[in-house]
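S.K.: Below: one structure in structure tokens.
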Protein chains: 4
Amino acid sequence: MSIDTADLPDPDDRPTPNDNPGWLSEDELRFVRGRLPIVYIEAVPVRLDSLGRITEVGLLLRSTPEGVMTRSLIAGRVRFGETLREALFRHLENDLGPMAFPQMPVSPVPTQVAEYFPMPGVSAFVDERQHAVSLVYVVPVTGSCDPRQDALEVSWMSPEEALAVDTLDEFHGGRGQLLRQTLAAHGC
Amino acid sequence: MSIDTADLPDPDDRPTPNDNPGWLSEDELRFVRGRLPIVYIEAVPVRLDSLGRITEVGLLLRSTPEGVMTRSLIAGRVRFGETLREALFRHLENDLGPMAFPQMPVSPVPTQVAEYFPMPGVSAFVDERQHAVSLVYVVPVTGSCDPRQDALEVSWMSPEEALAVDTLDEFHGGRGQLLRQTLAAHGC
Amino acid sequence: MSIDTADLPDPDDRPTPNDNPGWLSEDELRFVRGRLPIVYIEAVPVRLDSLGRITEVGLLLRSTPEGVMTRSLIAGRVRFGETLREALFRHLENDLGPMAFPQMPVSPVPTQVAEYFPMPGVSAFVDERQHAVSLVYVVPVTGSCDPRQDALEVSWMSPEEALAVDTLDEFHGGRGQLLRQTLAAHGC
Amino acid sequence: MSIDTADLPDPDDRPTPNDNPGWLSEDELRFVRGRLPIVYIEAVPVRLDSLGRITEVGLLLRSTPEGVMTRSLIAGRVRFGETLREALFRHLENDLGPMAFPQMPVSPVPTQVAEYFPMPGVSAFVDERQHAVSLVYVVPVTGSCDPRQDALEVSWMSPEEALAVDTLDEFHGGRGQLLRQTLAAHGC
């Protein structure tokens, strides 16, 4: 099963139905996921050398509700009324902690656009829960990463290690291929 | 009031609730528009010279339900189960006719991303009906354009004319600025 | 040894020293190649389906002066006074013939930038002859390709075949990696 | 007359003919400038808010040898053997000082490509000295800027002020239009 940030409890920033129209109950989320594409952001955290070349890639290691370990990118839904930048920052902070100091992208144009479908074969990417249109960014981080969610670890590796077949195979739903494409667009 | 392709009757391609989960009734559309961002595509049709330089920009002139004439880009919703390319092609065909022969983009990464909010001030773009995340493409067309919808005309003009303040002012919701940004990214 | 379009005789478009300051004698070319970076364009010709997805990739097969067969991309120098678009079109026509009908890119911003150095290790790309800064484009072609130069063949293959390790190994100087990166940026 | 960093004395990093083949004497520079396109980088320094939006644009104010004040971007030649990133960093440091702490771009693909020709009318950009192909980057800076060259000042202004017609008119050779295009690609 797939999993992303939006499925895990949001530590201290949980909106309630009363004060945020973008909050969706379980039933509402199930309804909309079967009726229209959901806007997502995804992020690949990287560390750079002084000239801007990627030296390390941060991959999330997380446990699904069934206890299976799986690699993932930072990913989550964009809420009603929230800008892409706000959603990107919120999910970066949720998954990497408040001391990661991400360098937010100057342009909202993403490096890649990934289209996830619940049915396989429509595109290279599958998400059993929904049709999602995901804007994918590479985000340099300069601070220390400390995931705020128990299910989560960040492991840093060289681009070569991150792109090894064994590592890419630990991603689900085609996200290994997405990581490969995204890093390739940046010269890796 | 804003208007886009999705609001006009779809000439011969209208899905029904029974065979397409992506079709939304008026009530359902109203519900989702107030609860989550809607995925849109927008397109700027252009004509190119033999070296690929933009010689003409195609702007739609359409009449709102109130009878007000307004300029617009090609725009419309991406349906559940539909790829971005399919949505882009469908809206191009609806607005330009079947003989426009658009050159579809090789990459799904858009030229610009426009975020529309129902409330002004969140971003540069306003859509009273919804929060929309719109992927904007520049699409060369090589055939003849013949809008299939009565309310619609295509006028072709030079990039200089399209970018004149008077022309940009005929767009609503910040779409004049979006046109300017999109053409600027292509050297106009 | 590497080879590119600029090294092969230019069939019918050869400028002479008298009428084109951008023409360089052998001696002059050798001098400038050791003193400053040379501007190059490279192109990956592709065929698209009706929605713009890459169905085939065109790879050049050419024979070096030593008679070794090697794969290559379309590549060549930008001359003094020539725009990038003119250089791109000229090299496309030289290598694919006058009936290829390339769809020239709307934007001069390339998909990738490759930096070739005569000394290995500076970047991923090596060209023994020179330091070249190469702007790389993916160019859809709609006509028939018929190389005008004897040493040359175009073979069309699926993206999967083009990206197979065996195929990529037939490129020199890191150009296999460049092809991989360029196609990855377009979702392959 | 145009002017850029490469024309001003390089404070403490001046290579000599003996140890750097990329160094060109005045005569050699004049020769190559008339015979082939020269690779340039240009940079627009910006300051960002915490979400990555541009809040300020840094424009250089410099005095030509004739004592005329003119606005310019950071610009300079890429030397033989130097990577684009090294050239970008070197020119940023020369023009903004060692404490600017630029955030180097993750990708070498530029925001814009500007083609300068000595003769007007070939493109929108003119440089009397040469045919230059310039890769243009937007570079966030986080430190304090202190130009190391006497002729130079950095003034910071809002995107609106930077894009005002009066400001753009203070640039030469079409660089005002280039600034406009580059900022537009980033949503300004």
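The values are calculated or read from the model by the stated rules, or taken from the named source; none is laboratory data. Predicted model only: the values in this text are computed from it and were never measured. FYI the Cβ positions are ideal-geometry reconstructions off the backbone, even for glycines, and counts take in every protein chain you see. For accessibility, only protein heavy atoms count, side chains too; no ligands or nucleic acids. Shrake-Rupley method; radii C 1.70, N 1.55, O 1.52, S 1.80 Å.
S.K.: Give, rounded to the nearest 20 debye, the magnitude of the charge dipole that the protein assembly as shown has about its Cα centre when Lys and Arg contribute +1 at Cβ and Asp and Glu contribute -1 at Cβ.
M.R.: Details: 64 positive and 112 negative charges, 1 e Å.
Dipole magnitude for the protein assembly as shown comes out near 0 debye.
S.K.: Can you give the local net charge around C:L92? Use residues other than it whose beta-carbon is closer than 12 angstrom to its beta-carbon, Lys and Arg +1, Asp and Glu -1.
M.R.: Spelling it out: positives minus negatives among the neighbours equals -1.
S.K.: Which ³J(HN,Hα) values in Hz, rounded to whole numbers, follow from the phi angles of region D:84-89 under the Karplus curve 6.51 cos²θ - 1.76 cosθ + 1.60, where θ = phi - 60° and Gly and Pro get x?
M.R.: So the J values, rounded to whole Hz, are 4, 5, 5, 5, 4, 5.
S.K.: Still on this structure, please answer the following. Just how much of A:E161 is accessible, in Å², when a 1.4 Å probe is used and the result is rounded to the nearest 10?
M.R.: The value for A:E161 is about 100 Å².
S.K.: Within 10 Å of each Cβ in peptide D:79-90, how many partner chain Cβ atoms are there on average? Round it to a whole number, please.
M.R.: If you average over the peptide's residues, the count of other-chain Cβ atoms is 5.
S.K.: On to the next question. Considering every residue in A:27-38, what mean count of other chain Cβ atoms within 10 Å of its Cβ is obtained?
M.R.: 6
S.K.: Here is a further query. Which log10 I(q)/I(0) values, to two decimals, does region A:25-184 give at q = 0.11, 0.13, 0.17, 0.21 Å⁻¹ under the Debye formula with one point per Cα?
M.R.: Log10 I(q)/I(0), no solvent term: -0.43, -0.60, -1.08, -1.65.
S.K.: Okay, next question. Under 5 Å between amide H atoms, partner at least 5 residues away or on a different chain: which partners does C:E56 have, H built in plane at 1.01 Å?
M.R.: Close amide H contacts, sequence-distant or interchain: C:R47.
S.K.: Give the average over all directions of the projected area of the C-alpha convex hull of region C:96-161, one decimal, in nm².
M.R.: Across all orientations, region C:96-161 yields a mean hull projection of 6.4 nm².
S.K.: Counting only residues 5 or more places away or on other chains, whose amide H sits under 5 Å from the amide H of A:I38 once H atoms are built in the peptide plane?
M.R.: A:H131, A:A132, A:V133
S.K.: I've got another one for you. Can you list, shortest first and in nm, the gaps between the label point of A:E128 and those of its counterparts in the other copies, using a point 7 Å from Cα in the C-beta direction?
M.R.: A:E128 label point versus its equivalents elsewhere: 4.4, 5.6, 7.1 nm.
S.K.: Of all the accessible heavy-atom surface of the protein assembly as shown, with the other protein chains kept in place and a 1.4 Å probe, what percent is carbon and sulfur?
M.R.: The value for the protein assembly as shown is 52 percent carbon and sulfur by accessible area.
S.K.: Next up: Share of antiparallel DSSP beta bridges in the protein assembly as shown, in percent to the nearest 5?
M.R.: 65
S.K.: At 7 angstrom along the Cα-to-beta-carbon line, where would the label on B:S158 sit relative to the other copies? Give the distances in nm, shortest first.
M.R.: 3.4, 4.9, 5.6
S.K.: How many square angstrom of accessible surface are buried between B and A, both sides summed, with a 1.4 Å probe and rounding to 100?
M.R.: The contact between A and B buries close to 2900 Å².
S.K.: Can you classify the protein assembly as shown as rounded, prolate or oblate using the Cα gyration tensor, where a ≥ b ≥ c are the square roots of its eigenvalues, rounded means a/c under 1.5, and otherwise it's prolate if a/b beats b/c and oblate if not?
M.R.: rounded
S.K.: Per DSSP H run of n ≥ 4, the term is -39500 (n - 2.57); total these for the protein assembly as shown, divide by its residue number, and report the mean residue ellipticity at 222 nm rounded to 500 deg cm²/dmol.
M.R.: -5500 deg cm²/dmol
S.K.: If you add up the charges near B:T142, with Lys and Arg at +1 and Asp and Glu at -1, over every other residue whose beta carbon is less than 13 angstrom from its beta carbon, what do you get?
M.R.: Taking every Cβ under 13 Å from that of B:T142, the sum is -1.
S.K.: Which cross-chain or sequence-distant (5 or more) residues have an amide H under 5 Å from the amide H of C:G76, H modelled 1.01 Å from N in plane?
M.R.: C:I41
S.K.: Here is a follow-up. Using the Karplus equation 6.51 cos²θ - 1.76 cosθ + 1.60 (θ = phi - 60°), what ³J(HN,Hα) coupling, rounded to whole Hz, does each residue of region A:39-55 give in order, writing x for Gly and Pro?
M.R.: Karplus values, whole Hz, x for Gly and Pro: 7, 10, 10, 10, 9, 10, x, 9, 10, 10, 7, 5, 9, x, 7, 6, 9.
S.K.: Right, next: Per residue, how much accessible area does region A:25-184 show when a 1.4 Å probe rolls over the protein heavy atoms, in square angstrom?
M.R.: Value returned for region A:25-184: 35 Å² of accessible area per residue.
S.K.: Taking each label point as 7 Å beyond Cα in the direction of the beta carbon, state the distances from B:P65 to the same residue in the other copies, shortest first, in nm.
M.R.: In ascending order, 4.0, 6.9, 7.4 nm.
S.K.: Still on this model: Are there chymotrypsin sites (Phe, Trp or Tyr not before Pro) in region C:110-160 that DSSP puts in a loop and that have at most 14 other Cβ atoms within 10 Å, and which ones?
M.R.: none
S.K.: If each of D:D49 and B:V68 carries a label point 7 Å out from its Cα toward its Cβ, how far apart are those two points in nm?
M.R.: 2.8
S.K.: Per-residue accessible area for B:L48 at 1.4 Å probe radius, Å² rounded to 10?
M.R.: Approximately 50 Å² of B:L48 is accessible to the 1.4 Å probe.
S.K.: For A:W23, tell me the accessible area in Å² from a 1.4 Å probe, rounded to the nearest 10.
M.R.: We get 80 Å² for A:W23.
S.K.: Other chains near D:108-120: what is the mean number of their Cβ atoms within 10 Å of each residue's Cβ?
M.R.: 5
S.K.: Please get the size of the charge dipole for region B:132-188, origin at its Cα centre, with Cβ charges of +1 on Lys and Arg and -1 on Asp and Glu, quoted in debye to the nearest 20.
M.R.: I would put it at about 320 debye.
S.K.: Ranked from the most accessible area to the least, with a 1.4 Å probe and all protein chains present, what is the order of D:I54, B:I41?
M.R.: Ranked list, largest accessible area first: D:I54, B:I41.
S.K.: Scan chain A for the residue whose Cβ is closest to the axis carrying it onto chain D, then write down that distance in whole angstrom.
M.R.: Nearest residue, distance rounded to whole Å: A:Q103, 3.
S.K.: Treating only the Cβ of Lys, Arg, Asp and Glu as charged (+1, +1, -1, -1), what charge dipole size does chain B show about its Cα centre? Round to the nearest 20 debye.
M.R.: Details: 16 positive and 28 negative charges, 107 e Å.
Dipole about the Cα centre, nearest 20: 520 debye.
S.K.: Now for a separate question. Once phi is turned into ³J(HN,Hα) by the Karplus curve 6.51 cos²θ - 1.76 cosθ + 1.60 with θ = phi - 60°, what whole-Hz value does each residue of region A:113-123 show in order, with x for glycine and proline?
M.R.: 10, 10, 10, 9, 10, x, 9, x, x, 6, 9
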